[in-house]
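Notes follow once the structure below has been shown.
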Amino acid sequence: MKLIYSRHRNQKSDEELLALFLEKGDVGVLGELYERYIHLVFGLCLKYLKDTHKSKDAVISIYEKIQTEIDRHNIRNFKSWLYVVSKNHCLMELRRAKPGQIVSLAEVENSDSFMENDAEMHPIDGERTEDVEQALQDCIEQLKAEQQKSIRLFYFSNKCYREIAGLMHIDEKKVKSYIQNAKRNLKICLDKKK
């Protein structure tokens, strides 16, 4: 599922692309930024909505929503902000689908399909102090080689699963597994350093 088809992928950071979009209003730039996380948005929508077609529709609706709302916010971390916007969109859809009923967030969030990039769950996804950054780098060094490479490509080079799979010559499911396991191991390592 792609919203844009660019011949030359931009190697700019999220922050640079966001600034460029806010300055020039080029929706192609915003599309490229959104495309970096589209698989995560879809996964989150699928987790909440539990329907492939509704999730695909939600991915498009969320993109349209961020186009109109992005300049109203002071965004420090696009990925975390996008997570919150996506989660709120899904919750509104659930409420709309079940008027008068209470939607149980706890039930949804305790499911096994919880999004591996939940910005509220893991230090690697949020804002980091210098101390946390150093501890994180030390813990990354302790990971198995495949996990290390996957984490570095995903978080520090902003590569998507497909790109990482191509670079590592493995299946996308394997990439997802490496990243999930790496995040779990990083959390254990970071907790020991506290």
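The values are calculated or read from the model by the stated rules, or taken from the named source; none is laboratory data. Keep in mind that what you see is a predicted model, and the values were worked out from it rather than measured. A quick note on method: Cβ atoms are made from the backbone with ideal geometry, for glycine too, and the neighbour counts reach across all protein chains shown.
Remarks
- Inclusion of Glu133 among residues that are modelled with pLDDT under 85 and not in a helix (DSSP H, G or I) is not warranted.
- Every condition in (1) buried (at least 17 other Cβ atoms within 10 Å of the Cβ); (2) touching a residue at least 24 places away in the same chain (Cβ under 8 Å) is met by Val84 except one, and the failing one is (1).
- Search result, residues across the range 161-194 that are at pLDDT below 85 and not in a helix (DSSP H, G or I): Lys194
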